[in-house]
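The structure under discussion appears below in the form of structure tokens.
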Amino acid sequence: MKIAYFDCFSGASGDMILGSLLDAGLSLDILKQEIAKLGLSHYEIGMEKVVKKGIGGTQAMIHINHDHHHHHHRHLSHIRDIINTSELPQNVKEKSIAIFQRLAEAEARVHRSEVEHVHFHEVGAMDAIIDVTGAVIGFNALGIEKIYCSPLHVGCGTIECAHGVLPVPAPATAELIKGRPAYSTGVDGELLTPTGAAILTTLSSEFGSMPSMSIQSIGYGAGTSEPAIPNLLRLIIGETGSRDGAMDYETEQAAVMETNIDDMNPQIYDYLIGKILEMGAMDVFLSSVQMKKNRPGILLTLVCSPDKTGIFSDFLLRETTTIGLRWRLENRIKAYRKIETIETIYGPVRIKTAESRDEILNISPEYDDCRQLAVKKNIPLKIVIENVKIDIKNKYGKK
């Protein structure tokens, strides 16, 4: 699998991400050709080789003609329309819109407004559209299947912008990096911008140290400011997980949240588990524990993506009798999963396959489908499951 690792030792911005991709091998001609599919006008894209405190890198040069973009603002709906009506590949459209959606949601939380009311000044919006779609185009063109990221260096102090003097990280940036590891070393200035944070937090599967890989290329994307450290974003691209017969699995980071409860009506747990799964948790389970004063209690554990810890914290503190929670980040390894529908002697049934490279590790029928067929055909559920497994074995040669 081809993966990318962003080393944000000096933060990140949209143009630094684009510059790192160009420095790592992305063709400027391909980038221009794909960006042209957006149908935008009055802009120029270029690149320049620079040296930052002794380290060479590439600076992405995006020039917007201010005379043609002076007094207008664009809302999320306008940006969504520009991307959706373009001739870009569908996966590029979807990822680009997801990034802008997160950016608009962060701005809306900061300004206490609705997402669709958030506006981007046209010059800034044009620049961001090129940065965001250009980054996604770059990942596609370089064949990158999975993105990892280091903890985010945010900088410190204050910055001046259209809203006045703001703290670093900017409020929207702080919203975007919730649940992700971030730090400051006292370097003055804004190192991590909202656009950079939106791209990295939306597309990165895991934050932490560099994963094991066979390195193929390294790119340095340069920023425009001159802080006390080299203003560069390092991108490392390599292959992992499929050499020497090794299994190929997906890896990601997940948040594990726990709370001990000994004073709640047990009937409520059914409701809680249903709501937690409905809200997008990866898993939730209950364990019996013995608590202080020798009280029997319940350990409620849920697993979710790191960006949802705030939502689930609010839910658990509101809906249960607990007055405190614990949470931590853990690495998660999982087989590649695929769901498809097969015809059985009883009718169509969805099956889930777990795979590694070209090998099928496990196949299981969807319980709900088997249950519905058992009710519909008035056949014992265990018989339906047994016969569906026979159909699976005949098709795939797996038990």
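Going highest first, how would you order 286-292, 225-231 by mean Cβ packing within 10 Å?
Averaged packing, sorted descending, gives the order 225-231, 286-292.
Can you compute the equivalent ellipsoid semi-axes for the range 28-181, i.e. the square root of 5 times each eigenvalue of the Cα gyration tensor, sorted largest first and rounded to whole Å?
24, 22, 18
In whole angstrom, how far apart do the alpha carbon centroids of the range 11-54 and the range 281-317 sit?
45 Å
Ratio of alpha-carbon Rg to the 2.2 N^0.38 Å globular estimate for the chain, to two decimals, please.
For the chain, the normalised Cα radius of gyration is 1.15.
Given R₀ = 35 Å, FRET efficiency for Glu239-Asn91 by Cβ-Cβ distance, to 0.05?
The value I calculate is 0.95.
Per the Kirkwood definition applied to all pairs of different Cα atoms, how many angstroms is the hydrodynamic radius of the range 341-399?
One decimal place: 11.6 Å for the Kirkwood radius.
Over the alpha-carbon set of the range 5-112, work out the extent along each principal axis and list the three values in angstrom, largest first.
Taking max minus min along each principal axis of the Cα atoms, the range 5-112 gives 42, 32, 32 Å.
Compute the length gained on full extension between Ile383 and Val165: take 0.36 nm times their separation in residues and subtract their Cα-Cα distance, giving the result in nm to one decimal.
Taking Ile383 through Val165 to full extension adds about 71.6 nm, to one decimal.
Treat the range 196-240 as a sphere of radius equal to its Kirkwood radius over Cα pairs and apply Stokes-Einstein at 10 °C in a medium of 1.306 mPa s; give the translational diffusion coefficient in µm²/s, rounded to a whole number.
127 µm²/s
Given the peptides 10-16, 186-192, arrange them by the average over their residues of other C-beta atoms within 10 Å, most packed first.
10-16, 186-192
Quick one: which of 372-379, 130-137 comes out on top by average Cβ neighbours within 10 Å, and what's the full order, highest first?
130-137, 372-379
Measure off 7 Å from each Cα along the Cα-to-Cβ vector at Asn65 and Ser41, then give the distance between these two points in nanometres to one decimal.
Going from the Asn65 label point to the Ser41 one covers 0.8 nm.
Suppose R0 equals 56 Å. What FRET efficiency, 1/(1 + (r/R0)^6) with r the Cβ-Cβ distance, do Ile55 and Ile360 give to the nearest 0.05?
0.75
Determine, from the Cβ-Cβ distance of Ile273 and Ser217 and an R0 of 41 Å, the FRET efficiency 1/(1 + (r/R0)^6), rounded to the nearest 0.05.
0.35
If you consider only alpha-carbon coordinates, what radius of gyration and Dmax does the range 1-59 have, in Å?
Cα-based Rg and Dmax for the range 1-59 come out at 13.2, 39 Å.
Using 0.36 nm per residue, how much length does the chain from Asp307 to Asp283 gain when fully extended, once their Cα-Cα distance is taken away?
Roughly 7.1 nm would be gained on extension.
What span do the alpha-carbon atoms of the range 250-334 cover on each of the three principal axes, reported in whole Å from largest to smallest?
Between the extreme Cα coordinates on each principal axis of the range 250-334 lie 41, 23, 19 Å.
Each reported figure results from applying straightforward, stated rules to the coordinates on display, with no laboratory input. Everything numeric here is computed off the predicted structure, so don't read it as measured data. Every residue, glycine as well, gets a Cβ built from its backbone with ideal geometry; the counts of neighbours run over all protein chains shown.
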